[in-house]
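The values are calculated or read from the model by the stated rules, or taken from the named source; none is laboratory data. This structure is a prediction, so every number in the text was calculated from the model and none was measured. Because the Cβ atoms are built from the backbone with ideal geometry, glycine has one as well, and the counts that use them run over all protein chains shown. Note: areas computed on protein heavy atoms with side chains; ligands, DNA, RNA excluded. Shrake-Rupley method; radii C 1.70, N 1.55, O 1.52, S 1.80 Å.
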Amino acid sequence: MYPEEIVKPMRQELVDAGFESLHTGADVEAALQKEGTTLVVVNSVCGCAARNARPAAVMSLGGEKKPTNVITVFAGVDKEAVDVARQHMFPFPPSSPSMALFKNGELVHMLERHHIEGNTADAIAENLMDAYKEFC
């Protein structure tokens, strides 16, 4: 488990942008049962990929279409919440950071770490916004 002083600013970056930070499996289950679309960001301390993932997730919400709900869980911290989120992301293997878009509880779009790592925040946000146009 990562120390709170390391995690707090990374978690807060998404919370300040309107993401709900979830810590339990039950919270994740409830969030994914909500009607509409839900973006799940599996946050991470990994500097190489998460450095662009968080800003990209925030930027993606600036367009005309966006998810009904936006939530985040933190890998290496919110173990139960992350495990439940990843169960819903099957058949994709666990990776962090990662982002998944659900529509009425069904996975419709997935960005794994290898889609995030090496890409700019703008490119990642554009990928998400294209998914919003299709599913939101």
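Values as computed for the structure displayed
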item	result
Greater than 18 Å apart at Cα, pairs in Lys8/Lys34; Lys34/Lys66; Lys65/Lys103	Lys8/Lys34
Spacing of the two label points (7 Å from each Cα toward its C-beta) at Glu35 and Arg51, in nm	4.4
Length-normalised contact order of the chain in % [C-alpha pairs under 8 Å, at least 6 apart]	33
Stokes-Einstein translational diffusion, segment 19-73 - Kirkwood Rh over all Cα pairs, 0.890 mPa s, 25 °C, in µm²/s	204
For the chain, accessible area per residue (1.4 Å probe, heavy atoms of protein chains only), Å²	49
Additional length obtainable on full extension of the chain from Asp122 to Phe90, 0.36 nm per residue less Cα span	8.9 nm
Solvent-accessible area, 1.4 Å probe, carbon plus sulfur percent, for the chain	52
DSSP beta bridges in the chain [antiparallel fraction, %, rounded to 5]	60
Centroid-to-centroid separation of segment 1-55 and segment 63-97 [C-alpha atoms, Å]	7
Rounded accessible area of Tyr2 (nearest 10 Å², 1.4 Å probe)	100
222 nm mean residue ellipticity, helices alone, for the chain (DSSP H n ≥ 4; -39,500 (n - 2.57); rounded to 500)	-14000 deg cm²/dmol
Protection proxy ranking of 3-10, 62-69 - average other beta-carbon atoms within 10 Å, highest first	62-69, 3-10
By accessible area with a 1.4 Å probe, ligands and nucleic acids excluded, highest first: order of Leu32, Leu107	Leu107, Leu32
FRET efficiency, Glu64 to Met1 (Cβ-Cβ, R0 35 Å, nearest 0.05)	0.35
